[in-house]
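These notes concern the structure reproduced below.
The values are calculated or read from the model by the stated rules, or taken from the named source; none is laboratory data. From a predicted model like this one, the values you see are computed outputs, not experimental measurements. Quick note on the areas: whole protein, heavy atoms, side chains included, nothing else; ligands and nucleic acids left out. Shrake-Rupley method; radii C 1.70, N 1.55, O 1.52, S 1.80 Å.
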Amino acid sequence: MTRFARCLLLGALAMLVPALAGCEAGADAPTLAFHPASNGTTTVVNGIRIDNAFVLGPAIGSSLPVGGQAGAFLALTAQNHDQLVSAAAPGTATSVTLTNAPVTLPAGALVDMSGPAPQIVLNNLTSPLSGGETVELVLTFTTAGIVTLQVPVEPAAYEYSPPPPPAPTATGSHKSKARSAPASSASPAAGP
């Protein structure tokens, strides 16, 4: 192949690649649609949009123990002003703590409850909990009422991993790092 033919071929490829790469760049391209970051539950019920709701489980291949805790994460948008006043996980946890109750939902504003620390905590798990399971989560709103949904338990991996706990700090008296006297030193003389 001659040098001119190679240059012509490379020029044609350079013009063809962008055309092929943009084949789905129309007004209805799949990349223009919203895709949640995980397999969390997304739904609209009674004027409340719940996005990417999931429970953070243990590391892959392990389970949270009976009596343990798990955090639930989600984002909320209310069509009209509302408040999230309580949460429950029947059959999974004996109680659920909503750390900042009530959670005010201004009309049309996104309220992000996706962490890093959970604002919905499932306490005293009634059975071991592993990634891949589903949990019934019941959310109670002042206006929208009771919303029940099935949410997945996502394993603590990748972007869902919570930050590590802070390093413990020393409390009480601090020991100073003083050098010890050499073993051959004489004992101090008694005063006069």
- Note on the structure: Probe 1.4 Å, all chains present, heavy atoms only: PHE54 accessible area in Å², nearest 10, is 20
- Query: Measuring with a 1.4 Å probe in the full set of protein chains, what accessible area per residue, in whole Å², belongs to the range 47-142?
  - Reply: 42
- Nearest-10 value in Å² for the accessible area of SER63, using the 1.4 Å probe: 60
- Indicate the gyration tensor shape class of the range 28-142 (rounded, prolate or oblate), computed on the Cα atoms with a ≥ b ≥ c the square roots of the eigenvalues: a/c under 1.5 is rounded; otherwise a/b larger than b/c is prolate and the rest oblate. oblate
